[in-house]
Amino acid sequence: MGSARYEGRTAIVTGAGSGIGRATVVRLVGEGARVVGCDLNGDGLAETAVMLGDLSPAATLLSGDITDQGFVDSVVAAAGGTVDMLANVAGIMDHFVPLGDVEDALWDRVLDVNLTAVMRMTRAVIPGMQAAGAGAIVTVASKASLGGGSSGVAYAASKHGVLGLVRHVAYFYGPAGIRSNAVLPGPVETGIGASAAPTVGWAMERAVLSMATMGAMAAPDQIASAISWLGSDESMNVNGAVLLSDGGWSSA
Ligand SMILES: NC(=O)c1ccc[n+]([C@@H]2O[C@H](COP(=O)([O-])OP(=O)(O)OC[C@H]3O[C@@H](n4cnc5c(N)ncnc54)[C@H](O)[C@@H]3O)[C@@H](O)[C@H]2O)c1
(Lines give C-alpha, C1' and ligand atoms only; values in the text may rest on other atoms or scores of the structure.)
Protein backbone atom coordinates (compact mmCIF):
# COMPACT_ATOMS: atom_id res chain seq x y z
CA MET A 1 0.00 0.00 0.00
CA GLY A 2 2.32 2.75 1.23
CA SER A 3 -0.05 5.63 0.40
CA ALA A 4 -1.05 8.20 3.02
CA ARG A 5 -3.91 9.60 0.98
CA TYR A 6 -6.37 9.22 3.90
CA GLU A 7 -4.15 11.00 6.44
CA GLY A 8 -6.36 13.23 8.62
CA ARG A 9 -9.55 11.77 7.13
CA THR A 10 -12.44 9.95 8.76
CA ALA A 11 -14.36 7.16 7.07
CA ILE A 12 -17.32 4.94 7.91
CA VAL A 13 -17.28 1.38 6.61
CA THR A 14 -20.27 -0.96 6.90
CA GLY A 15 -19.80 -4.73 6.81
CA ALA A 16 -16.48 -4.27 8.63
CA GLY A 17 -16.55 -7.73 10.23
CA SER A 18 -15.91 -9.81 7.11
CA GLY A 19 -14.83 -9.99 3.49
CA ILE A 20 -14.72 -6.78 1.45
CA GLY A 21 -15.71 -4.50 4.36
CA ARG A 22 -12.92 -5.85 6.57
CA ALA A 23 -10.39 -5.49 3.73
CA THR A 24 -11.61 -1.91 3.24
CA VAL A 25 -11.09 -1.06 6.93
CA VAL A 26 -7.59 -2.55 6.87
CA ARG A 27 -6.70 -0.70 3.66
CA LEU A 28 -8.11 2.69 4.71
CA VAL A 29 -6.44 2.55 8.13
CA GLY A 30 -3.20 1.55 6.39
CA GLU A 31 -3.60 4.65 4.23
CA GLY A 32 -3.94 6.93 7.26
CA ALA A 33 -7.69 7.09 7.93
CA ARG A 34 -9.53 7.03 11.19
CA VAL A 35 -12.31 4.52 10.55
CA VAL A 36 -15.62 3.77 12.23
CA GLY A 37 -16.54 0.28 11.09
CA CYS A 38 -19.76 -1.54 11.87
CA ASP A 39 -21.22 -4.97 11.44
CA LEU A 40 -23.92 -7.28 12.81
CA ASN A 41 -21.21 -9.76 13.66
CA GLY A 42 -19.30 -8.74 16.79
CA ASP A 43 -16.92 -11.73 16.56
CA GLY A 44 -16.07 -10.72 13.02
CA LEU A 45 -15.28 -7.18 14.19
CA ALA A 46 -12.96 -8.60 16.86
CA GLU A 47 -11.09 -10.47 14.10
CA THR A 48 -10.83 -7.25 12.11
CA ALA A 49 -9.25 -5.57 15.14
CA VAL A 50 -6.73 -8.42 15.38
CA MET A 51 -5.86 -7.98 11.70
CA LEU A 52 -5.27 -4.26 12.27
CA GLY A 53 -2.70 -5.09 14.95
CA ASP A 54 -0.78 -2.00 16.08
CA LEU A 55 -3.06 0.18 13.94
CA SER A 56 -6.24 -0.95 15.72
CA PRO A 57 -6.53 2.29 17.79
CA ALA A 58 -7.35 4.04 14.48
CA ALA A 59 -10.56 2.02 14.16
CA THR A 60 -13.73 2.18 16.23
CA LEU A 61 -15.67 -1.01 15.57
CA LEU A 62 -19.36 -1.06 16.48
CA SER A 63 -21.64 -4.05 16.54
CA GLY A 64 -25.22 -3.54 15.34
CA ASP A 65 -27.74 -3.73 12.52
CA ILE A 66 -27.63 -1.07 9.82
CA THR A 67 -31.34 -1.56 9.10
CA ASP A 68 -31.94 0.09 12.50
CA GLN A 69 -32.01 3.90 12.13
CA GLY A 70 -30.90 4.33 15.77
CA PHE A 71 -27.77 2.27 15.09
CA VAL A 72 -27.04 4.21 11.89
CA ASP A 73 -27.23 7.45 13.88
CA SER A 74 -24.90 6.08 16.56
CA VAL A 75 -22.32 5.07 13.93
CA VAL A 76 -22.32 8.58 12.46
CA ALA A 77 -22.13 10.09 15.96
CA ALA A 78 -19.13 7.87 16.79
CA ALA A 79 -17.43 9.29 13.70
CA GLY A 80 -17.99 12.82 15.02
CA GLY A 81 -21.06 13.62 12.92
CA THR A 82 -19.10 14.53 9.79
CA VAL A 83 -17.06 12.12 7.70
CA ASP A 84 -14.91 12.50 4.61
CA MET A 85 -15.87 9.12 3.22
CA LEU A 86 -18.60 6.49 3.54
CA ALA A 87 -18.17 2.97 2.22
CA ASN A 88 -21.50 1.13 2.02
CA VAL A 89 -20.26 -2.45 1.91
CA ALA A 90 -22.54 -4.64 4.06
CA GLY A 91 -24.88 -6.85 2.09
CA ILE A 92 -26.51 -10.26 1.97
CA MET A 93 -27.33 -12.71 -0.83
CA ASP A 94 -30.70 -14.33 -1.43
CA HIS A 95 -29.99 -18.03 -1.96
CA PHE A 96 -30.66 -17.60 -5.70
CA VAL A 97 -34.41 -17.76 -5.08
CA PRO A 98 -36.38 -17.08 -8.31
CA LEU A 99 -39.38 -14.76 -8.23
CA GLY A 100 -41.95 -17.56 -8.26
CA ASP A 101 -40.51 -18.98 -5.03
CA VAL A 102 -39.61 -15.83 -3.14
CA GLU A 103 -41.22 -15.30 0.26
CA ASP A 104 -41.96 -11.85 1.59
CA ALA A 105 -39.59 -12.30 4.55
CA LEU A 106 -36.60 -12.96 2.28
CA TRP A 107 -37.53 -10.14 -0.11
CA ASP A 108 -38.00 -7.67 2.76
CA ARG A 109 -34.74 -8.54 4.51
CA VAL A 110 -32.61 -8.43 1.36
CA LEU A 111 -34.14 -5.10 0.28
CA ASP A 112 -33.77 -3.72 3.83
CA VAL A 113 -30.08 -4.56 4.12
CA ASN A 114 -28.92 -4.02 0.52
CA LEU A 115 -30.99 -0.97 -0.39
CA THR A 116 -32.91 0.73 2.45
CA ALA A 117 -29.98 0.62 4.88
CA VAL A 118 -27.72 2.10 2.20
CA MET A 119 -30.23 4.94 1.81
CA ARG A 120 -30.31 5.48 5.59
CA MET A 121 -26.54 5.41 6.02
CA THR A 122 -26.04 7.74 3.05
CA ARG A 123 -28.79 10.11 4.24
CA ALA A 124 -27.11 10.28 7.63
CA VAL A 125 -23.74 11.47 6.27
CA ILE A 126 -25.01 13.93 3.63
CA PRO A 127 -25.64 16.93 5.96
CA GLY A 128 -22.08 16.87 7.33
CA MET A 129 -20.62 16.54 3.84
CA GLN A 130 -22.81 19.40 2.59
CA ALA A 131 -21.60 21.60 5.44
CA ALA A 132 -18.00 20.67 4.65
CA GLY A 133 -18.52 21.14 0.90
CA ALA A 134 -16.83 17.80 0.29
CA GLY A 135 -17.30 14.05 0.71
CA ALA A 136 -17.04 10.75 -1.08
CA ILE A 137 -19.55 7.91 -0.89
CA VAL A 138 -18.67 4.51 -2.33
CA THR A 139 -21.37 1.86 -2.50
CA VAL A 140 -20.71 -1.79 -3.24
CA ALA A 141 -23.25 -3.01 -5.75
CA SER A 142 -22.64 -6.14 -7.83
CA LYS A 143 -22.38 -7.67 -11.27
CA ALA A 144 -26.01 -8.52 -10.36
CA SER A 145 -26.76 -4.78 -10.70
CA LEU A 146 -26.53 -5.19 -14.46
CA GLY A 147 -28.39 -8.41 -15.18
CA GLY A 148 -30.65 -11.12 -13.89
CA GLY A 149 -28.29 -14.07 -14.14
CA SER A 150 -26.07 -13.87 -11.06
CA SER A 151 -28.52 -14.08 -8.14
CA GLY A 152 -32.16 -14.52 -7.21
CA VAL A 153 -34.78 -11.82 -7.67
CA ALA A 154 -34.42 -10.00 -4.35
CA TYR A 155 -30.66 -9.55 -4.62
CA ALA A 156 -30.89 -8.51 -8.30
CA ALA A 157 -33.62 -5.96 -7.55
CA SER A 158 -31.75 -4.57 -4.53
CA LYS A 159 -28.49 -4.24 -6.44
CA HIS A 160 -30.17 -2.65 -9.46
CA GLY A 161 -31.92 -0.26 -7.05
CA VAL A 162 -28.73 0.75 -5.35
CA LEU A 163 -27.36 2.05 -8.68
CA GLY A 164 -30.31 4.42 -8.86
CA LEU A 165 -29.47 5.67 -5.40
CA VAL A 166 -25.79 6.09 -6.26
CA ARG A 167 -26.60 8.08 -9.40
CA HIS A 168 -29.25 10.14 -7.63
CA VAL A 169 -26.74 11.25 -5.00
CA ALA A 170 -24.15 12.04 -7.70
CA TYR A 171 -26.64 14.21 -9.57
CA PHE A 172 -28.32 15.98 -6.65
CA TYR A 173 -25.28 16.47 -4.40
CA GLY A 174 -22.40 16.69 -6.89
CA PRO A 175 -22.75 20.50 -6.96
CA ALA A 176 -22.30 20.47 -3.16
CA GLY A 177 -18.93 18.75 -3.56
CA ILE A 178 -20.15 15.23 -2.78
CA ARG A 179 -19.15 12.35 -5.04
CA SER A 180 -21.11 9.08 -5.15
CA ASN A 181 -19.82 6.04 -7.02
CA ALA A 182 -20.45 2.30 -7.19
CA VAL A 183 -18.10 -0.67 -7.30
CA LEU A 184 -19.53 -3.81 -8.88
CA PRO A 185 -17.61 -6.94 -7.88
CA GLY A 186 -17.79 -10.28 -9.58
CA PRO A 187 -17.16 -13.35 -7.40
CA VAL A 188 -15.01 -12.60 -4.35
CA GLU A 189 -13.73 -15.03 -1.73
CA THR A 190 -15.68 -13.85 1.35
CA GLY A 191 -18.26 -15.02 3.87
CA ILE A 192 -21.23 -14.21 1.63
CA GLY A 193 -21.49 -17.83 0.51
CA ALA A 194 -23.55 -18.47 3.65
CA SER A 195 -26.45 -16.59 2.04
CA ALA A 196 -25.66 -17.69 -1.52
CA ALA A 197 -26.21 -21.43 -1.15
CA PRO A 198 -29.06 -22.07 -3.61
CA THR A 199 -32.44 -23.28 -2.40
CA VAL A 200 -33.39 -23.88 -6.05
CA GLY A 201 -30.59 -25.82 -7.75
CA TRP A 202 -31.14 -24.82 -11.36
CA ALA A 203 -31.02 -21.12 -10.54
CA MET A 204 -27.42 -21.36 -9.31
CA GLU A 205 -26.47 -23.74 -12.15
CA ARG A 206 -27.48 -21.15 -14.74
CA ALA A 207 -25.43 -18.48 -12.98
CA VAL A 208 -22.38 -20.71 -12.87
CA LEU A 209 -22.67 -21.40 -16.63
CA SER A 210 -22.18 -17.71 -17.29
CA MET A 211 -18.99 -17.75 -15.20
CA ALA A 212 -17.25 -20.21 -17.53
CA THR A 213 -14.82 -17.54 -18.71
CA MET A 214 -13.76 -16.51 -15.20
CA GLY A 215 -10.41 -17.18 -13.62
CA ALA A 216 -9.91 -17.51 -9.86
CA MET A 217 -12.23 -15.67 -7.48
CA ALA A 218 -10.95 -12.26 -6.44
CA ALA A 219 -9.49 -11.59 -3.00
CA PRO A 220 -11.37 -9.00 -0.88
CA ASP A 221 -8.50 -6.50 -1.05
CA GLN A 222 -8.81 -6.42 -4.84
CA ILE A 223 -12.22 -4.80 -4.32
CA ALA A 224 -11.07 -2.69 -1.34
CA SER A 225 -8.43 -1.09 -3.57
CA ALA A 226 -11.15 0.18 -5.93
CA ILE A 227 -13.23 1.42 -2.98
CA SER A 228 -10.23 3.24 -1.55
CA TRP A 229 -9.44 4.90 -4.88
CA LEU A 230 -13.02 6.07 -5.41
CA GLY A 231 -13.11 7.47 -1.87
CA SER A 232 -9.87 9.39 -2.32
CA ASP A 233 -9.03 12.68 -4.05
CA GLU A 234 -7.26 10.70 -6.78
CA SER A 235 -10.69 10.07 -8.34
CA MET A 236 -11.88 13.65 -7.80
CA ASN A 237 -13.41 13.99 -11.28
CA VAL A 238 -15.28 10.68 -10.98
CA ASN A 239 -18.92 11.01 -9.88
CA GLY A 240 -21.86 8.70 -10.60
CA ALA A 241 -19.56 6.03 -11.98
CA VAL A 242 -20.31 2.33 -12.08
CA LEU A 243 -16.96 0.59 -11.79
CA LEU A 244 -16.92 -3.12 -12.53
CA SER A 245 -14.26 -5.12 -10.71
CA ASP A 246 -15.16 -8.58 -11.95
CA GLY A 247 -12.05 -9.90 -13.62
CA GLY A 248 -13.71 -9.47 -17.01
CA TRP A 249 -16.75 -11.65 -16.31
CA SER A 250 -19.22 -9.11 -17.73
CA SER A 251 -17.29 -8.78 -20.98
CA ALA A 252 -17.80 -12.45 -21.83
N1 LIG B 1 -18.45 -11.88 -2.40
C2 LIG B 1 -18.92 -11.70 -3.60
O3 LIG B 1 -18.75 -12.57 -4.48
C4 LIG B 1 -19.67 -10.43 -3.97
C5 LIG B 1 -19.98 -10.19 -5.30
C6 LIG B 1 -20.68 -9.03 -5.64
C7 LIG B 1 -21.05 -8.14 -4.65
N8 LIG B 1 -20.74 -8.40 -3.36
C9 LIG B 1 -21.17 -7.41 -2.36
O10 LIG B 1 -20.08 -7.08 -1.54
C11 LIG B 1 -20.56 -6.61 -0.29
C12 LIG B 1 -19.76 -7.25 0.83
O13 LIG B 1 -20.02 -8.63 0.84
P14 LIG B 1 -18.90 -9.72 1.17
O15 LIG B 1 -18.77 -10.56 -0.03
O16 LIG B 1 -17.72 -9.09 1.78
O17 LIG B 1 -19.73 -10.61 2.22
P18 LIG B 1 -19.46 -11.00 3.73
O19 LIG B 1 -20.63 -11.85 4.10
O20 LIG B 1 -18.10 -11.58 3.88
O21 LIG B 1 -19.52 -9.61 4.48
C22 LIG B 1 -20.70 -8.87 4.59
C23 LIG B 1 -20.80 -8.36 6.02
O24 LIG B 1 -21.98 -7.56 6.12
C25 LIG B 1 -22.52 -7.79 7.41
N26 LIG B 1 -23.94 -7.48 7.45
C27 LIG B 1 -24.94 -8.12 6.81
N28 LIG B 1 -26.12 -7.58 7.14
C29 LIG B 1 -25.85 -6.57 8.00
C30 LIG B 1 -26.66 -5.65 8.71
N31 LIG B 1 -27.99 -5.68 8.60
N32 LIG B 1 -26.07 -4.76 9.53
C33 LIG B 1 -24.72 -4.74 9.67
N34 LIG B 1 -23.90 -5.60 9.02
C35 LIG B 1 -24.47 -6.50 8.21
C36 LIG B 1 -22.29 -9.27 7.65
O37 LIG B 1 -22.38 -9.59 9.04
C38 LIG B 1 -20.91 -9.48 7.06
O39 LIG B 1 -19.91 -9.36 8.04
C40 LIG B 1 -22.05 -6.91 -0.27
O41 LIG B 1 -22.79 -5.73 -0.52
C42 LIG B 1 -22.22 -7.91 -1.39
O43 LIG B 1 -23.52 -7.88 -1.94
C44 LIG B 1 -20.06 -9.52 -2.99
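The values are calculated or read from the model by the stated rules, or taken from the named source; none is laboratory data. Only a predicted model underlies this, so the values are computations on that prediction, with no experimental measurement involved. Side chains are part of the model used for accessible areas, which takes the heavy atoms of the whole protein and leaves out ligands, DNA and RNA. Shrake-Rupley method; radii C 1.70, N 1.55, O 1.52, S 1.80 Å.
Using a 1.4 angstrom probe on heavy atoms only, work out the carbon and sulfur share of the accessible area of the range 4-131 in %.
Carbon-and-sulfur percentage of accessible area, whole number: 52.
Excluding ligands, DNA and RNA, what is the solvent-accessible area per residue of the chain at a probe of 1.4 Å, expressed in Å²?
43 Å²
Sum -39500 (n - 2.57) across every DSSP H segment of at least 4 residues in the chain, then divide by the residue count to get the 222 nm mean residue ellipticity, nearest 500.
-12500 deg cm²/dmol
Over the chain, what is the relative contact order in percent, taking alpha-carbon pairs closer than 8 angstrom and at least six residues apart?
The normalised contact order for the chain reaches 21 percent.
Carbon and sulfur atoms: what percent of the 1.4 Å accessible area of the range 172-229 do they account for?
The nonpolar share, carbon plus sulfur, comes to 65 percent.
Specify the residue with the greatest mean-square fluctuation among Ile137, Ile126, Ile12, computed from a Gaussian network of the chain linking alpha-carbon atoms under 10 Å apart.
Ile126
Enumerate the amide H contacts of Gly37 below 5 Å, restricted to partners 5 or more residues apart or on another chain; note that Pro and chain-start residues carry no placed amide H.
It is Val13, Thr60, Leu61, Leu62, by chain and number.
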